[in-house]
1. Residue check: is ASP112 surrounded by 13 or more Cβ atoms within 10 Å (Cβ to Cβ), out of contact with any Cys (no Cβ under 9 Å at 6 or more places or on another chain), acidic (Asp, Glu) and without any contact (Cβ under 8 Å) to a residue 60 or more places away in the chain?
2. Being touching a Ser or Thr at 6+ places or on another chain (Cβ under 9 Å) and farther than 12 Å from ILE84 by Cβ is the filter here; which residues of segment 4-18 pass it?
3. Could you list, in sequence order, the residues of segment 36-50 that are part of a strand (DSSP E or B) and of a type outside the set (Asp, Glu)?
4. If you take the residues in segment 12-35 that are in a loop (DSSP other than H, G, I, E, B) and out of contact with any Leu (no Cβ under 8 Å at 6 or more places or on another chain), which one is nearest to LYS56 (Cα to Cα)?
5. For segment 118-142, give me the residue count where each residue is touching a residue at least 60 places away in the same chain (Cβ under 8 Å), assigned to a helix (DSSP H, G or I) and under 16 Å from the mean Cα position of the chain (by Cα).
6. Look at segment 55-83 and say how many of its residues are out of contact with any Leu (no Cβ under 8 Å at 6 or more places or on another chain) and closer than 15 Å to ILE13 by Cβ.
7. Of these, PHE78, PHE7, which one is crowded, with 16+ Cβ neighbours inside 10 Å and under 18 Å from GLU120 (Cβ atoms)?
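We did not get these values from a lab; they are worked out from the coordinates using the rules stated. In this text, all values refer to a predicted model and were calculated from it rather than measured experimentally. Here the Cβ positions follow ideal geometry from the backbone for every residue, glycine too, while neighbour counts run over all protein chains shown.
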Amino acid sequence: MAAKVLFVCLGNICRSPAAEGVLRARAKERGLELAIESAGTGGWHAGDPPDGRMIKAAARRGVDISYQRARQVDLSDFYQFDYILAMDLSNHTDLLELAPPNRTCDIRLFLDFADCAERETPDPYYGGGDGFERVLNLIELGAEGFLDHLEDESA
């Protein structure tokens with residue numbers, strides 16, 4: 001059975017859609033089947049596409065996220081997904097507060113799987129274009145580490 005993964009950031013228009021797209025592309029390269037989605041802890045952008053700057057930055061790396069639409073985390077997510085991966089400590093705390101005690105998912109910080117010193121994926125929304133590139137670099141490290149984790153688990 002394919003693992004089901006949900007990425008979560010604040011508004012679901014920058015970090016989590018990028019992580020969804022990158023993980024989907026990297027899993028495909030490895031021949032792994034995963035169910036991957038993303039959501040935000042807040043619903044301000046529900047129904048909106050990802051931030052145009054992130055769409056462009058991801059496209060430069062061959063990852064299309066333009067079709068994605070933002071949504072808010074829902075109670076059912078805690079039972080539907082195997083992994084809910086938070087992009088920063090604030091998102092992680094919010095998820096743990098929202099999560100029912102009998103949830104079936106593993107809630108973790110995404111970059112805990114990355115081979116880097118960073119634990120949090122910074123929000124590039126209010127910064128310049130280089131912030132989007134930095135975030136994508138971190139996401140790529142996290143995606144590789146997470147896929148290694150899944151492969152190790154299934155070995």
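1. Judged against the criteria, ASP112 is a match.
2. Once the filter is applied, which keeps residues that are touching a Ser or Thr at 6+ places or on another chain (Cβ under 9 Å) and farther than 12 Å from ILE84 by Cβ, segment 4-18 yields LEU10, GLY11, ASN12, ARG15, PRO17, ALA18.
3. Matches in segment 36-50: ILE36, SER38, ALA39, GLY40.
4. CYS14
5. 7
6. Counting residues in segment 55-83 that are out of contact with any Leu (no Cβ under 8 Å at 6 or more places or on another chain) and closer than 15 Å to ILE13 by Cβ gives 10.
7. That would be PHE7, the only listed residue that is crowded, with 16+ Cβ neighbours inside 10 Å and under 18 Å from GLU120 (Cβ atoms).
Conditions (1) buried (at least 19 other Cβ atoms within 10 Å of the Cβ); (2) in a helix (DSSP H, G or I); (3) of a type outside the set (Ser, Thr, Tyr), marked per residue:
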residue	(1), (2), (3)
ARG53	no, yes, yes
ALA58	yes, yes, yes
ARG69	no, no, yes
HIS92	yes, yes, yes
ILE107	yes, no, yes
CYS116	no, no, yes
GLU144	no, yes, yes
